Amino acid sequence: MFQLAQRRNYYFAFSGVLVGLGILAMIISTAVSGFPFRVSVDFTGGTRLEVQFTEPVTEDQLRAVYNDEFGITNPEVIALSGEGLQNAWQIRTEPLAPEQTQAIEIVLNEQVAPLIPETTQFEQVTPAVGREVSQAAFVAILVTSFIILGYIGAAFRTVPNPIRYGLCAVSAMFHDLLIIFGFMAIMGMLLGWEIDALFVTAVLTIAGFSLQDTIVVFDRIRENLTKRPTEDYETIVNRSVLETIHRSLATQLAAMFIMVALIFFGGASVQQFISVLFVGLLSGTYSSIFHAVPLLAAWEIRAEQATV
């Protein structure tokens, strides 16, 4: 039988290396820029321009104007949709003077496609919204952690020390969050990626995926503890992982294939968001099996040895 619990120290070491590299990247980024990650206008403030064209244009055409004509790197280009919105785009950049924004509108009108003047909107964005969203996400993660502890404590009350299951599940969730934080710090230094409001959305999504996967495995451990009371804990853990791994992999791989397609063909505006989701989902699949479960096994086995 697959000896997952017996080889737990290898998995702990691998997780430690990944998390350590991420933390090191955040430290270096903080030393260089003052932030653990590169931050977008959602957090630093900037300029938002909304335009609508008379004919279809591409995201690359808009980026080329900002990059080549005005030397503005990494503009956030978002396609707008809805009633009355056709060929409409929102472009967010660092703070620009009104004169510079007007010059951009002229170049867009002349080099890309004719603008519809009455639909053009220009405003300065304050960083308050980004801070509020981040604070709300931080509170949501903390509240979720306590809810999970309470839920698992109640649902796993038939097994000894149910709070350990909750703490291990929360540990796996924070493991995944540290992985994507480190990933964004590295990509910020290498490719200039910046965190924005969508990154906060990805963080909350990954937290949910991570907890769901872990609870599925823990629930099977709980069932096997009742069905097989004579087996030792390591055997039960290994059996439970083997009985659930096909379900976890089938679900996650289906989502990963879609994400890979979006990364390559979805356009630059969603590439960063989907990449963060992909890394988080990959980490969540790993941590639910190779972090949360071995951590629980180590805790339970050490407790048993201490009582002998």
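The values are calculated or read from the model by the stated rules, or taken from the named source; none is laboratory data. Fair warning: this is a prediction, and the values are worked out from it, not measured in the lab. A quick note on method: Cβ atoms are made from the backbone with ideal geometry, for glycine too, and the neighbour counts reach across all protein chains shown.
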Can you tell me which residue is modelled with the lowest pLDDT among those in region 30-73 that are in contact with a Gly (Cβ under 6 Å, 6 or more places away or on another chain) and either assigned by TED's automatic domain parsing to the domain that holds Leu177 or crowded, with 18+ Cβ neighbours inside 10 Å (or both)? Asp42
Neighbours by Cβ (under 9 Å, 6+ apart or cross-chain): first from region 91-109, surrounded by 14 or more Cβ atoms within 10 Å (Cβ to Cβ); second of a type in the set (Asp, Glu) and part of a loop (DSSP other than H, G, I, E, B): Arg92/Asp196
What number goes with the only condition from (1) crowded, with 19+ Cβ neighbours inside 10 Å; (2) under 18 Å from the mean Cα position of the chain (by Cα) that Phe218 does not pass? (2)
Quick check on region 217-226. Is at least one of its residues in contact with an Asp or Glu (Cβ under 6 Å, 6 or more places away or on another chain), part of a helix (DSSP H, G or I) and touching a residue at least 60 places away in the same chain (Cβ under 8 Å)? no
Mind listing just one residue for me: the one in region 149-178 that is among the charged types (D, E, K, R) and outside any loop (DSSP other than H, G, I, E, B) and, of those, nearest to Phe278 (Cα to Cα)? Asp176
